[in-house]
Structure formats: C-alpha cells, structure tokens
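Please read the structure below before turning to the comments.
Values quoted throughout were computed directly from the atomic coordinates according to the rules given, and no laboratory measurement underlies them. These figures come from a predicted structure and were not determined experimentally. Here Cβ is always computed from backbone atoms with ideal geometry, including for glycine, and neighbour counts include all displayed protein chains.
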Amino acid sequence: MSLDSILLIEDDKINALTFKKGLSRISTDVELIILETAENALHYLRNEGNTPSIIVLDLSLPKMNGTDFLAIIKNDADLKGIPVIVLTTSTNPSNKIECFNLQVAGYFVKPLDYFELIESIFNYWKKSEFVQAVKEKENH
Amino acid sequence: MKNNRPILLVEDDKIDAMTVKRAMKDLKITNSLIHVYNGIEALDYLKNQSNEKPCIVLLDLNMPKMNGIELLKNLKNDASLKKLPVVVLTTSNAEKDKTESFNLSVAGYMLKPVDYKQFVDVIKDINFYWTISEIPD
C-alpha cells in the first residue's frame, strides 16, 4: 500500500499549521493527524491501534521528548516498523547520531524552506511502499 | 546528497545497476556510486576501515549468497553500521519483504519502475530527500 496518513507530533501550533497548509497544497488525499505531545501520540498508536504511514517528530516536546519517544517506539514490536522522520532546531551532532542510531528515516534541521521540506518528504514517501495496516486487515 | 560521500548500491543485476548509474548521471548527481553484488560484498566493503563510508545504501532484496534482508539484519546488529540509512530498491512487491524491511527500519521501500523516466524520478526524489535531510557522519 502507499502513503495514506502522516502523524505529526509537534507542540508548536504555528509549525503544525504551516505543515498542514504545505501538505494541503501538494495533496488532499493524505490524512494528517496532529498531536501535541509524545504521550498523546503513544496513546493514539497503542490504545487506539492506529498505524500512520509515517511519523514526523519534533524533538523538543514538553514532558517526554522526541528521543525518548523514539526509543519507546523502536522497542515496541507493533510500532517499530513505522518510519519516523525527525524535525528539529538542534544542530548538535550528537543528537543527530543518537537519532540515526534510533533508526530514524530522515533528520531535518529547521529553519528550512518549509514548503520545500514538505514537498520533499511527500514526494519521497509517495514513492515508497508500506506495510499493510493492521486495522485494514481486520476490516475484512 | 547532503555530502559527497559515495552511494553504496547492493544489486546483483548488472542492468539495474547500469540504470541507477545512468539515472545519476542524467540527474547530475556528483556522488560516486560503489556497486557490490550481494550482502557479503556489502559487509566486506563497509567493514573495511580504509573504504570511504557511504552516505546511504540502496539495497536490492533478492540476491544470491546474502540477500537484502540478511544484510539488513547484519547491519542493524552492528553498533557502528546501524545508523547508516538504507533505502530498499527492489522489484519485490511481497508483503513479507515489506514487513521484514520496515521492522528492520529501512528508510524507504521503493519498487523499481520498469519505465526509465519513472526510474529517474525515483532516484531524483531519493537524492532530493537525502540532500535536505542530514546524514549521519
């Protein structure tokens, strides 16, 4: 199956809105879910059994931060197959290595041209295949 | 790509490897392409300290000796190699291959288009993405 939904974990409302606008310019058939904390994202993924095609993760989040979230996701057999892309303002090289060791599928340092960034993420992942979502299988 | 380190292509099919090379040339991608034919050769290349580390790996799945999934397992169990982004480039549309690849945290799973123009588009988007994205040092 192909790209059908993106989970954006971003506590900054303006960044989230910019992402939403940018995505809607490119595509109207990809669902965007925006959650403000990693805790809410874990709840969304685990308790509600949702499987987004990809997760776009801001690293600096209130309470649980992005790398803690990554470590949890990658140790969870049900969730580790979801590609996670990091968006951050951190230029600290050790953060970058830590995230790649935690198996991120992209690491983008802000500020970037936001529309170019979204276009690049969309075009790339639009070409990728994905594992068939569990909820879809259960519907049969 | 973000930096000028080589791209490692793991591919047993000579024609497909030539197509990647031709697409890179047409797109004026200046990174060099290191081509190896199976997982064993890829590990040999990556574990030799005198070889330049690649920026990303483009990985075919169906290969003799050591296939793509076996190579991925080796890479992800190696503390110094696990950070390397691996993009699958295959003709396999099998659900099992997709599941195994994503559980081994591949950074994309692209089906090889038969049509050359579409093939170039795939390489173009891979290049653009990994030019904007950081790459582990």
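At a glance:
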{"quantity": "Percent antiparallel among DSSP beta bridges (both partners in the protein assembly as shown, rounded to 5)", "calculated": "5"}
{"quantity": "Rel. contact order, % - alpha carbon contacts under 8 angstrom, at least six apart, chain A", "calculated": "29"}
{"quantity": "Whole-Hz couplings from phi, Karplus 6.51/-1.76/1.60, listed for the range B:112-122; x for Gly and Pro", "calculated": "5, x, 6, 6, 4, 4, 5, 4, 4, 4, 5"}
{"quantity": "In sequence order, calculated HN-Hα J values of the range B:19-30 (Karplus, 6.51, -1.76, 1.60; Hz; x Gly/Pro)", "calculated": "5, 4, 4, 5, 4, 4, 5, 4, 8, 6, 7, 8"}
{"quantity": "GNM flexibility winner over chain B from B:ASN77, B:ASN62, B:ASN103 (Cα, springs under 10 Å)", "calculated": "B:ASN103"}
{"quantity": "In the range B:1-75, trypsin sites (Lys or Arg not before Pro) in a DSSP loop with at most 12 other beta-carbon atoms within 10 Å", "calculated": "B:LYS28, B:LYS65"}
{"quantity": "Whole-Hz ³J(HN,Hα) from phi, Karplus 6.51 cos²θ - 1.76 cosθ + 1.60, for the range A:5-10, glycine and proline x", "calculated": "8, 10, 9, 9, 10, 8"}
{"quantity": "Against the rule of thumb 2.2 N^0.38 Å, how large the Cα Rg of the protein assembly as shown comes out", "calculated": "0.96"}
{"quantity": "For chain B: rounded, prolate or oblate by the Cα gyration tensor [a/c cutoff 1.5]", "calculated": "rounded"}
{"quantity": "Alpha carbon centroid spacing (whole Å) that separates the range B:30-47 from the range B:67-101", "calculated": "14"}
{"quantity": "Gyration tensor (alpha-carbon) shape descriptor, the range A:5-129, a/c threshold 1.5", "calculated": "rounded"}
{"quantity": "Counted charge near A:PHE130, where neighbours are those whose Cβ lies closer than 9 Å (Asp, Glu -1; Lys, Arg +1)", "calculated": "-1"}
{"quantity": "Long-range amide H partners of A:TYR107 with built H, under 5 Å", "calculated": "A:VAL86, B:GLU134"}
{"quantity": "Charge dipole magnitude, Cβ of K and R +1, D and E -1 - the protein assembly as shown, Cα centre, debye nearest 20", "calculated": "580"}
